[in-house]
1. Quick one: net charge of Val92's neighbours, Cβ under 12 Å, K/R +1, D/E -1?
2. For Arg142 and Lys83, FRET efficiency with R0 = 30 Å and r from the beta-carbon atoms, rounded to 0.05?
3. Give me a comma-separated list of calculated 3J(HN,Hα) values for segment 189-203, in order, Karplus coefficients 6.51, -1.76, 1.60 applied at θ = phi - 60°, integers in Hz, x for any Gly or Pro.
4. Treating only the Cβ atoms of Lys and Arg (+1) and Asp and Glu (-1) as charged, compute the dipole magnitude of segment 117-220 about its Cα centre; round to the nearest 20 debye.
Amino acid sequence: MSKLEAGAVAGAHPWISESSAPHGSGQRFEDGWHAGVRDVASYLLRIADNTATTGRGLAASSAMAVTHFQQAASPAPQETPVKEPDPAPAPVLDAKDVLAAAERFPWAVAAPGVRHWPDGGDFLDVALSAVRPEEREGYIERLEVFVEQHRARLEELLRAYGPGSRPASHGRYALIGQPETLAIVERMESAPFLLRSQWEKELETVFLDDLEFVWGPHIRLSR
């Protein structure tokens, strides 16, 4: 049920993202409207991911979203905006460091000479774009713990679908065996809707669809 609720919230994301201020609104109102829309769209993805991964109820999440929308998108016309202090910059997540950490698990990745993509940097960049700012500090350690926890599952994934397997010989499941895929499946577990949203902006979804299919039926977000 929580996955169904998460899908319903995620389905509202495009509708919110594409909404516009009422015709004839003043510039200040439009600016406030669009800022609110951006905030709520991001908030909906967060709610969907939290619901999908923790089973959080949709009713409470929806109430939070409505409150957030009312606060963010409807500034009082006469109100003078108060400048908030600039937030501290989020830690930088270096893709090279993440890739080096993934390479330390040879039982979860294919040998370099048989990988489909010698350089899968585009896939890793998209996966890391789905790591929220508050998750970046300590993310490599989090990834390492995730891989160890799912060792048997990742070993079976590589054996059954990786380079040299029968499914791979048909040109499918090209991401299996890539070190970048360890970060992708970690995000599939932690922030599936945010990952797909980012992926659809940059890459062909067939690669993610195939990976979702073989990783397990509990994550199935394809549209």
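Each reported figure results from applying straightforward, stated rules to the coordinates on display, with no laboratory input. Small disclaimer: the values here were computed from a predicted structure and weren't measured. Every residue, glycine as well, gets a Cβ built from its backbone with ideal geometry; the counts of neighbours run over all protein chains shown.
1. Result for the neighbourhood of Val92: -1.
2. 0.30
3. Couplings: 7, 9, 8, x, 6, 5, 4, 5, 4, 5, 4, 5, 6, 10, 9 Hz.
4. Value, rounded to 20: 400 debye.
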